[in-house]
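Engineer: Dumping the structure here so I can ask a few things about it.
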Amino acid sequence: MADHNDSDSTYEQRQARRAQIAPGHAVGVTEAMVHDVVHAFYGRIRTDAMLGPIFEGVIRDNWDHHLAKMCDFWSSVLLMTGRYDGRPMPAHIRIDVGQGAGLTDAHFAHWLELFRATVRDLCPPDAAALFEDRAQKIAASLLQGVQFSRGQLPDWLGPVKSEPAKDSA
């Protein structure tokens, strides 16, 4: 595999190369589309009976900052801009939805439902499919991280073996 040395090009040239290979580029995702999706999606979240109170409790008066961060996140995911600089897992693990309970698969499933509706309303089909695919993977990863932090292991991992197996003879 050829080693590419970025020192032979300018920042603008490297950004242009990344833009050409970004998954969103091929399906017409633009910065304006990312902005519209993020703002419309969180508009839905804020009025949602299940997720609205959770987000309001965490974000409080910092919606402008959160929306900007989410635009950077989706721009990085789909357009490879590298603008996002955050750690979403610890933030999601810390969320308390009441009485010491954290996020569940129902929360993530509902989040995905609202996200899918948003991208289907705003994006051409191929761009919506890409947004949905990445959102599904992100939600699954976050859910697994949240569950793992509680000591819940995914079914596919199987039983944890802390002792040698005993002979059944």
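Engineer: Any residue in the stretch 76-95 that is free of Cβ contacts under 8 Å to residues at least 24 places away in the same chain sitting within a Cβ distance under 6 Å of a residue that is surrounded by 12 or more Cβ atoms within 10 Å (Cβ to Cβ) and in a helix (DSSP H, G or I)? List the pairs, counting only those 6 or more apart or interchain.
Structural biologist: 83/72; 83/75; 83/76; 84/72; 84/73; 84/76
Engineer: With the requirement that a residue be surrounded by fewer than 13 Cβ atoms within 10 Å (Cβ to Cβ) and either assigned to a loop (DSSP other than H, G, I, E, B) or aromatic (Phe, Trp, Tyr) (or both), what does the stretch 69-90 give you? Give the steps one after another, and end with the answer.
Structural biologist: To start, the set of residues in the stretch 69-90 that are surrounded by fewer than 13 Cβ atoms within 10 Å (Cβ to Cβ) comprises 82, 85-87, 90.
Within the stretch 69-90, 82, 85, 86, 87 qualify.
Engineer: For the stretch 108-133: of the residues being without any contact (Cβ under 8 Å) to a residue 60 or more places away in the chain and within 19 Å of residue 51 (Cβ to Cβ), which is surrounded by the most Cβ atoms within 10 Å (Cβ to Cβ)? Before the answer, list the steps.
Structural biologist: In the first step, residues of the stretch 108-133 are kept if they are without any contact (Cβ under 8 Å) to a residue 60 or more places away in the chain; the result is 108-109, 112-113, 116, 120, 125, 128, 132-133.
Imposing the further condition that a residue be within 19 Å of residue 51 (Cβ to Cβ) reduces the set to 108-109, 112-113, 116, 120, 132.
Numbers: 108: 19, 109: 11, 112: 16, 113: 12, 116: 16, 120: 13, 132: 16.
Among residues in the stretch 108-133 that are without any contact (Cβ under 8 Å) to a residue 60 or more places away in the chain and within 19 Å of residue 51 (Cβ to Cβ), the one surrounded by the most Cβ atoms within 10 Å (Cβ to Cβ) is 108.
Engineer: Considering the stretch 49-68 alone, what residues qualify as being crowded, with 17+ Cβ neighbours inside 10 Å and closer than 26 Å to residue 127 by Cβ?
Structural biologist: From the stretch 49-68, those crowded, with 17+ Cβ neighbours inside 10 Å are 51, 54-55, 67; that's our starting set.
The answer is 51, 55, 67.
Residue-wise test of (1) under 27 Å from residue 145 (Cα atoms); (2) hydrophobic (A, V, I, L, M, F, W, C).
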| site | (1), (2) |
| --- | --- |
| 21 | no, yes |
| 24 | yes, no |
| 44 | yes, no |
| 56 | yes, no |
| 59 | yes, yes |
| 66 | yes, no |
| 72 | yes, no |
| 108 | yes, yes |
| 115 | yes, yes |
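Engineer: Only one of these conditions is not met by residue 40: (1) of a type in the set (Gly, Ala, Ser); (2) within 22 Å of residue 126 (Cα to Cα); (3) over 19 Å from the mean Cα position of the chain (by Cα). Which number is it?
Structural biologist: (3)
Bear in mind that the values in this text are calculations on the coordinates, not laboratory data. The shown structure was predicted, so the numbers you read here are calculated from the model rather than taken from an experiment. Quick reminder, even Gly has a Cβ in these numbers, built from the backbone with ideal geometry, and neighbours come from all protein chains shown.
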